[in-house]
Each structure stands twice: as structure tokens, then as C-alpha cells.
Amino acid sequence: MQNKDPLRDYGLGDSTKFVTSIPTVTGIVQEPCPNCGCQSVYKIEVPVNHPMLRGNVGHGIYLGCAACPWASPMMMTATSVMG
């Protein structure tokens with residue numbers, strides 16, 4: 001399987017397989033969409049499970065456009081704290 005967009009592949013493959021719930025809009029970024037030019041994009045957060053995250057649990061954050069299918073790469077961070 002070859003990823004057509006190299007910005008979305010960090011060697012982990014399709015990040016949607018790690019998503020555990022419904023994405024939630026948590027903010028609006030007043031920057032135009034790089035794909036369609038819509039006036040703003042949304043900050044989206046979603047819970048994730050990934051074996052490379054501390055405790056395997058975390059959340060993903062990415063930007064997405066409501067007017068077209070564009071979405072930025074997702075950044076995943078662990079929600080477990082060091083013990």
C-alpha cells in the first residue's frame with residue numbers, strides 16, 4: 001500500500017485505525033484551507049490507542065476543513081503520566 005500524500009505517513013500507516021471514538025471540534029483556526037480556500041479550518045481532537053504511546057492511550061489533534069475533505073497530519077500524544 002502506497003500513501004499518496006507523504007505528509008500523512010510517519011511510517012505508522014493509516015492513523016485512522018488507532019481512533020477509538022468520534023472526533024470532536026475543539027476550536028476554529030482563522031486560516032484559509034490550503035485545498036479549497038475556505039476562510040477557516042477546525043481544530044479536531046479524537047481519542048486514540050497506539051502501541052507507541054506511553055500506556056497505549058492518548059489523543060490525536062489535527063486540523064480539518066468542513067467544506068472539503070482536507071485534513072492536516074494528526075499529532076498523537078500520550079495521556080498517561082510518567083510514574
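Table: residues versus (1) among the small types (Gly, Ala, Ser); (2) surrounded by 16 or more Cβ atoms within 10 Å (Cβ to Cβ); (3) modelled with pLDDT of 85 or more; (4) out of contact with any strand residue (DSSP E or B) (no Cβ under 7 Å at 6 or more places or on another chain).
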| site | (1), (2), (3), (4) |
| --- | --- |
| Gly13 | yes, no, no, yes |
| Ser21 | yes, no, yes, no |
| Val29 | no, no, yes, no |
| Tyr42 | no, yes, yes, no |
| Val46 | no, yes, yes, no |
| Pro51 | no, no, yes, yes |
| Val57 | no, no, yes, no |
| Tyr62 | no, yes, yes, no |
Task: Candidate set: the stretch 70-81, residues that are over 13 Å from the mean Cα position of the chain (by Cα) and either of a type in the set (Asp, Glu) or in a loop (DSSP other than H, G, I, E, B) (or both); chosen: the one surrounded by the fewest Cβ atoms within 10 Å (Cβ to Cβ) - done: Val81
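The values are calculated or read from the model by the stated rules, or taken from the named source; none is laboratory data. Computed from a predicted model, the values in this text were never measured in an experiment. Positions of Cβ are backbone-derived with ideal geometry, glycine not excepted, and every protein chain shown enters the neighbour counts.
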